[in-house]
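This report concerns only the one structure given below.
The values are calculated or read from the model by the stated rules, or taken from the named source; none is laboratory data. In this text the structure is predicted, and so the values were computed from the model without any measurement. Because the Cβ atoms are built from the backbone with ideal geometry, glycine has one as well, and the counts that use them run over all protein chains shown. In case anyone asks, the SASA skips ligands and DNA or RNA and just uses the protein heavy atoms, side chains included. Shrake-Rupley method; radii C 1.70, N 1.55, O 1.52, S 1.80 Å.
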Amino acid sequence: MRVLSVVGARPQFVKLAPIARECAARDVEHVIVHTGQHYDPMLSDVFFSDLGIPDPDVHLGVGSGGHGAQTGAILAALDEVLLEHRPDWVLVYGDTNSTLAGALSAVKLHLPIAHLEAGLRSFNRRMPEEHNRVLTDHAADLLLAPTAVARDHLAAEGLAMRTVVVGDVMMDVLLRVRDELTDTGAVLDMLGMPPAGFSVATIHRAENTDDPARLRATVEALQQVDHPVVLLAHPRLRVRATEQGLDLDGGALTTRDPLPYPQLVGAVSQARGVITDSGGLQKEAFALRTPCTTVRTETEWVETVQLGWNVLAEPGPAVREAASRPGPAPTEAAPYGDGHAAAAVLDALERGRTTGG
Ligand code: UD1
């Protein structure tokens, strides 16, 4: 079997790691195509080296651009690559412009598409990620759903027959990296944060960064939290803050560059809280049992909220208050699986057909 993975943005490299490992363990031929959507070393190369992912076989080097320009450039470049490799499966990940371009290219060439992390919905049609997910799910032949909630969303859209619940591959990599962590004190020294008395923050979604009022309200709230907050600043955030004349550092808030994955896991596992608009980090915080405050009006990962470990907060005082709340009741729940999702993905690809979940 030949599987061709299309990846391009940071969260996709994390999801790629356990898939690449499982392919290697089974002697499955795995072609990795990097679209170049993320090109900063700290958003890209460092994930390949730290997570032991083989170098991409093909690098499209498309870089930044508006949604149409970026998605179109990937699509145009991919056709030739897919025709050359003619994989048994084109595997696309998550909800970025690279995901949608990979799915569109494959569907036009009549190549089978599997969508990893299928069925997530925010029901917010203003989010670029929501367009990408819905369109990709409807183009794909095999929908690899991480949870029962995701499966139910797909069923409601008439896609049950193409769906298999496999668990969440992000748990595979998270649990492995957590268990391999050794010197967790070093990351706190690097960040200049006190043990257990700080929060880790990330803000990068367009709905927060590209709306001046929301961005200012978020930054001001983070600066007013009652304990130190380290903000791992995505390039999009820095660009928008500069454009809007906003100084990110101040009050409780200190900025640092994004962290490599093992250091991120080390920092979150020792933090008293996480404040974020990232999808992946909400789950990582939950898995490490660090309370999370999510700066969004909705979340795809509703299990974290239902279990009491995640609170949604609008930019402004609600973020400050949520970030200081007492910790929730302990739980043993594992809605995202037990760290063996990549094996279930490869099983489903090898079966080559769906079971209806
Ligand atoms: C993308 C995904 C988002 C995912 C996020 C993870 C889409 C629509 N969005 O958002 O779902 O959660 O990745 O990080 O695909 N930039 C750099 N260096 C880079 C990459 C980007 O400086 O390596 C800057 C550029 O100025 C660019 C901006 O960040 O215009 C946004 O990049 P883009 O790829 O459009 O989206 P992300 O915000 O990274």
Over the chain, average the accessible area per residue using a 1.4 Å probe and give it in Å², no decimals.
39 Å²
At a Förster radius of 30 Å, what calculated FRET efficiency corresponds to the Cβ-Cβ distance of residue 226 and residue 186, to the nearest 0.05?
0.70
With N set to the residue count of segment 230-357, report its C-alpha Rg divided by 2.2 N^0.38 Å to two decimal places.
1.25
How large is the dipole of the chain about the Cα centre if only Lys and Arg carry +1 and Asp and Glu carry -1, each at its Cβ, rounded to the nearest 20 debye?
520 debye
For segment 17-63, give the magnitude of the charge dipole about the Cα centre (Cβ charges: +1 Lys/Arg, -1 Asp/Glu; no others), in debye to the nearest 20.
100 debye
Kindly report, to the nearest 10 Å², the accessible surface of residue 49 as traced by a 1.4 Å probe over protein heavy atoms only.
80 Å²
Equivalent ellipsoid semi-axes, segment 168-263, via Cα gyration tensor eigenvalues times 5, rooted, Å:
26, 17, 11
For segment 183-323, percent of DSSP beta bridges that are antiparallel (nearest 5) comes out at 5 percent
Where the centroid of each part is defined by its Cα atoms, how far is segment 57-130 from segment 1-55 in Å?
14 Å
When the expected Rg is taken as 2.2 N^0.38 Å, what fraction or multiple of it is the alpha-carbon Rg of segment 69-170?
1.03
Might you work out the accessible area of residue 39 for me, using a 1.4 Å probe with all protein chains in place, and round it to the nearest 10 Å²?
130 Å²
Using 0.36 nm per residue of separation minus the Cα-Cα distance, give me the extension gain between residue 318 and residue 351 in nm, one decimal.
7.1 nm
Please report, for the Cα atoms of the chain, the Rg to one decimal and the Dmax as a whole number; what are they, in angstrom?
19.5, 56
Enter the Cα centre distance for the pair segment 226-242 and segment 145-191, rounded to the nearest angstrom.
25 Å
Residue separation times 0.36 nm, minus the C-alpha to C-alpha distance between residue 257 and residue 42: what's the value?
76.6 nm
Using alpha carbons only, how many degrees (0 to 90, rounded to 10) separate the axis of helix 67-85 from the longest principal axis of the chain?
40 degrees
By accessible area (1.4 Å), largest first, 55, 168 order as 55, 168
Measuring from the longest principal axis of the C-alpha atoms of the chain, the long axis of helix 341-351 (C-alpha) lies at a number of degrees, nearest 10, equal to 10 degrees
If you wrap a convex hull around the Cα atoms of segment 1-157, how much volume per residue is inside, in Å³?
109 Å³
Between the Cα axis of helix 261-270 and the main Cα principal axis of the chain, the angle (0 to 90°, nearest 10) is 40 degrees
If R0 = 30 Å, then residue 207 and residue 289, at their Cβ-Cβ distance, give a FRET efficiency to the nearest 0.05 of 0.60
Rounded to the nearest 500, what is the 222 nm mean residue ellipticity of the chain from helices alone, with -39500 (n - 2.57) per DSSP H run of 4+ residues and division by all residues?
-13500 deg cm²/dmol
Let me check against my output: what whole-number percent is the relative contact order of the chain, with C-alpha pairs under 8 Å and at least 6 apart?
16 percent
For residue 88 and residue 297, compute 0.36 nm times the residue count separating them, minus their Cα-Cα distance, and round to one decimal in nm.
71.3 nm
Within the accessible area of segment 1-128 (1.4 Å probe), percent carbon and sulfur:
50 percent
Relative contact order of segment 183-323, defined on C-alpha pairs under 8 angstrom at six or more residues apart (%):
26 percent
Taking the Cα centre of segment 107-235 as origin, sum charge times position over the Cβ atoms of Lys and Arg (+1) and Asp and Glu (-1), and report the length of that vector in debye to the nearest 20.
440 debye
